[in-house]
Amino acid sequence: MTKNPWIDWAEQIRAIAQNGITYTDEGFDLERYHQLQAIAHEMTAQLTDAPLEKVDNYFLPETGYTTPKLDIRAGVFKDGKILLVKERSDGCWALPGGWADICESPALGAERETLEESGYIVKAEKLVAVRDVHKHPYHPRNPHHLIKMLFLCELKGGSPKENIEISEVEFFDLDKLPPLSQGRTIASDIALMKQHLENRDLPTEFDK
């Protein structure tokens with residue numbers, strides 16, 4: 001996977017600036033941290049071809065110490081087929097999931113997101129993997145540093161249901177996958193879910 005180190009450097013500068021703004025009271029230092037923040041946003045806009053205003057609107061509401069964001073995905077199988085949902089935003093397919101919520105465990109988040117995005121009721125059975133998106137070919141890359149948690153879930157009931165974010169809900173053969181929304185789900189996520197479905201004794205995978 002080819003990576004642009006400038007994107008990493010811009011993200012690191014932004015994190016240093018935000019942490020400095022959070023913990024610094026001195027006027028001179030605070031001004032410098034705000035300048036660093038502005039430089040990091042300009043770098044991100046240039047490197048991603050995004051308007052500076054969009055970058056500012058994306059990052060400026062954040063306060064406090066900078067940490068990665070947690071993205072939760074559920075692997076749900078029926079008759080050997082994997083459950084995928086079609087994202088209205090890009091017209092491609094992904095494992096059901098989304099951001100972890102405050103005051104909710106990641107496992108419950110996987111169950112909730114699956115119900116909200118697909119209409120199916122599931123039970124989280126196993127944590128399959130904890131993935132650092134920087135170490136895998138997710139694309140386009142989210143401006144935030146993401147950690148993905150992949151849960152194998154058991155189908156308990158429900159029926160397919162579209163919503164404001166999802167236009168279609170289907171189970172697919174693993175050798176006939178539709179175009180994937182690769183910022184959310186890549187083929188290796190699905191292959192790994194299948195491996196753990198067939199061998200529940202496999203250890204949880206994580207990046208180093």
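The values are calculated or read from the model by the stated rules, or taken from the named source; none is laboratory data. A quick note: this is a predicted structure, and the numbers were derived from the prediction, not measured. Because the Cβ atoms are built from the backbone with ideal geometry, glycine has one as well, and the counts that use them run over all protein chains shown.
Worth a mention:
Residues are listed down the side, and each one gets a yes or a no for (1) over 17 Å from Gly75 (Cβ atoms); (2) not polar (S, T, N, Q):
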position	(1), (2)
Tyr120	no, yes
Asp132	yes, yes
Phe151	no, yes
Gly183	yes, yes
Ile190	no, yes
Gln195	no, no
Leu202	no, yes
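- Residues considered: Ala100, Ala110, Ala191. Of these, the only one that is crowded, with 17+ Cβ neighbours inside 10 Å, among the small types (Gly, Ala, Ser) and under 22 Å from Lys81 (Cβ atoms) is Ala110.
- The residue of the range 113-134 that is surrounded by the fewest Cβ atoms within 10 Å (Cβ to Cβ), among those that are under 13 Å from Met149 (Cβ atoms), out of contact with any helix residue (DSSP H, G or I) (no Cβ under 9 Å at 6 or more places or on another chain) and of a type in the set (A, V, I, L, M, F, W, C), is Val130.
- Identity of the residue in the range 179-188, within 17 Å of the chain's Cα centre (by Cα) and assigned to a loop (DSSP other than H, G, I, E, B), that ends up surrounded by the fewest Cβ atoms within 10 Å (Cβ to Cβ): Gln182
- Considering the range 163-178, the residues that are in contact (Cβ under 8 Å) with a residue 24 or more places away in the chain and assigned to a loop (DSSP other than H, G, I, E, B) include one that is surrounded by the fewest Cβ atoms within 10 Å (Cβ to Cβ), namely Ile164.
- Ala110 meets all of the listed conditions (1) of a type outside the set (D, E, K, R); (2) assigned to a loop (DSSP other than H, G, I, E, B); (3) at negative phi but one, namely (2).
- Residue within the range 137-149 that is more than 21 Å from Asp207 (Cα to Cα) and either modelled with pLDDT under 95 or surrounded by 18 or more Cβ atoms within 10 Å (Cβ to Cβ) (or both) present: no
- Only one entry in Cys103, Cys153 is at positive phi and of a type in the set (A, V, I, L, M, F, W, C), namely Cys103.
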